[in-house]
Every structure is written in structure tokens, then in C-alpha cells.
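First up is the structure itself, then whatever we jot down about it.
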Amino acid sequence: MADEDAHNGEDKRPTDIPALRWEEPPEGPVLVLLDQTRLPAEEVELVCTDASALVEAIRSLAVRGAPLLGIAGAYGVALAAVRGFEVAEAADALAGARPTAVNLAVGVRRARAAHQEALARTGDPRQAAAAALAAARALHREDAEASARMAAHGLALLDELLPAGGHRVLTHCNTGSLVSGGEGTAFAVALAAHRAGRLRRLWVDETRPLLQGARLTAYEAARNDMPYTLLTDNAAGSLFAAGEVDAVLIGADRIAADGSVANKVGSYPLAVLARYHHVPFIVVAPVTTVDGGTPDGASIEVEQRPGYEVTEVTAPQVPVTGAGGGIPVAPLGTQAYNPAFDVTPPELVTAIVTEEGAVSPVTTEALAELCARSRQVTIS
């Protein structure tokens, strides 16, 4: 990262400081990211001048969330092209930065293909770079539009499944404007319910070990004046048992062809709880998250994160002493199992909501039909 810029967070809404934006200062184009590792204590922006800085930001989770990673990947290719770096090398590094999130590779491929096509057609590196940037901007715009459509489809489904209204929704990890070109995926549905006066309570899982729920979803819920309550992940079962959850809304980092859903670790236990307690378990994700090349859940590569994320805790502006930059909470040398994601089988998923509509029941055939319909809409 070439630079940092701290912002006062008072009287701001989440959209006041976008999660990602392209800027062209006199010294050259840059990609500016809201550093999500520093939230909610402070709003700090990271300025990436090349693809390697963006790869670092992706791996450190300064920028995260499936849809936004796709956008970031596309802009990263454009950044390499505009600044005269090796585009193929940058694209490969970006696409491999986080293996489970399929949107990242999709965004990289889209910008790279635009660059290659323009270069072959014109032979002009500047026109090729402009084509890559145009592809990234188009993806950014399309994701914002998709977010709005997902919110509408998701709210309609909630109202259909829960006609009594007063929805009490449990969510996991963070799926709002911090992960999207728009207002998000699953969080956008809850936000739409809130604006319609039909959200009684948003239950927010802490989402250990990195607390994306506590740090980020609560941050977004508070700024949108939503009625929300934070809970530890292992308290969810008691909420279900007490009849306090009407639906579960989560996002997805990859959806296999058979409807298996890879999402932040902790999602699968929620699906099991939801099935036992007869509560709808709804996945909200753009069509680009559906990976037809991955046949089933067992074929999804699950990213393994460093053990220190479990054996240490970190918080902005707190002194640190651990090897990973955090405060040790386990004995020195403790081994940790730390998968970033788990996989929920399709039979536990009530519906998958996309910008093209909802799929329920979730089957290979239904997903394939939805994706084919999406391609037709895009082409037309």
C-alpha cells in the first residue's frame, strides 16, 4: 500500500466511504480501499498503486466479500495495465489470492479478456488498458444493480415464507455494502425488510475468529438504524430453541453446480439448526457466485487460514504481543484448525436468491436453468 488516509467516522453512513473506488490523481491511477480490518474503530483507506499491494489487501482481508473481490480483481487487472505492469502476471496473482471465492477469479478473467481482445484488435496498450478499466467499471455497476434486485427478490421470498411479518432474521459474517458495489447480498434483504417496516430483529453472529459480524455487520446495522442484537456464534442454538429466529440469511463465496454452498465457517451449523427447528435457511448471492465448473461441495477448495487468527485476538488501536500481531489467548505452540469456510449441502438450503430470482428447491437442474437465463439476459 502506497498510502493511508484516516477519516473521521462521525455522522457518516456506510456508503459515504465506499468499500472500493478508482481514482486518478496526478501521480497516476490508484485503487482506494476502505480497510475493513480497522473497522469499526476507525475508517482508514488504503491506496494500492499496483496489483501486488491489492493481493496483500485481499489476503489480509482489508478488502473481502465475494462480490467485492470480483470487482477488486477486475480493477487490479486494469491497474496493472494502466500503469504498464505485466498484466498476465498480475492476473494470475490476483486470481489465486483467495481460492474459495469464485467471484475473484471471474472478475479477473473478465478484465483480462477485455484487455487481451483490445490489444489483439488495436495493438495499442493504452486502448487495451482502457478496455480493462471499462470492464471493471461495468462489473462494478452491474453488481450494484444486482444487489438491488437481490434485495427485492429476497424480501418477496421472506414475505411469502413468513406472511405474519415482523421478521426476526439471523445472519452470519458480513454481507452488506462492505462486500458489494451496492448494498450487499443477504444484508441487503434484511435492510429492505427494515425499510419496509417488516424487520423486527436482526440477530448478528459475532463470526469468529475474525469477528466480521461484530465488527462489520453491527457497524452497518447501527448506521442504518436497524434493530439488531449481537450474539456469540455458539449462542445461536439457544435462540432457535426459544423460537426467536424466523429465518436465516447468509451470503456465499462459491455455489457448486449441485447447489452446495461454501460460506464463512459457521454457516453449516446454522443450516443444521435451521432444519431441525423448521426455519427457512436462505442463501443470497449473485449468479456469478454459481460455479458450474465445480460439480459438488466436495470439489470446493476450502481456504485454510493461519492458526494465529484463532490463538490470538486483535483489535484496532490495542497493543499487540503475539507472533501474528495480536494478543495471545492460547498457550504458546497451540495448533489451531482454522478453515475460512464450510460447505452446506443443497438439501439444507431452503432457497438461493439471486438477481435473476429465487431457486427453491435447490437442484442442479434449477441452478443450471437460472444461470442459462442470466446469460441470455446479459447477452440481450
Condition check: under 17 Å from the mean Cα position of the chain (by Cα), assigned to a helix (DSSP H, G or I), under 23 Å from LEU34 (Cβ atoms) and in contact (Cβ under 8 Å) with a residue 12 or more places away in the chain. Does VAL189 satisfy that?
yes
Would you check if there is a residue in region 275-286 being in a helix (DSSP H, G or I), within 24 Å of VAL108 (Cα to Cα) and at pLDDT 95 or above?
no
From the residues in region 230-242 that are touching a residue at least 24 places away in the same chain (Cβ under 8 Å) and outside any helix (DSSP H, G or I), which one is surrounded by the fewest Cβ atoms within 10 Å (Cβ to Cβ)?
THR232
Condition first: out of contact with any strand residue (DSSP E or B) (no Cβ under 8 Å at 6 or more places or on another chain) and assigned to a loop (DSSP other than H, G, I, E, B). Now tell me which residues in region 42-73 satisfy that.
ASP50, SER60, LEU61, ARG64, GLY65
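The values are calculated or read from the model by the stated rules, or taken from the named source; none is laboratory data. Model, not experiment: these values are computed from the prediction. Using ideal geometry, Cβ is built from the backbone for each residue, glycine included, and neighbour counts are taken over all protein chains shown.
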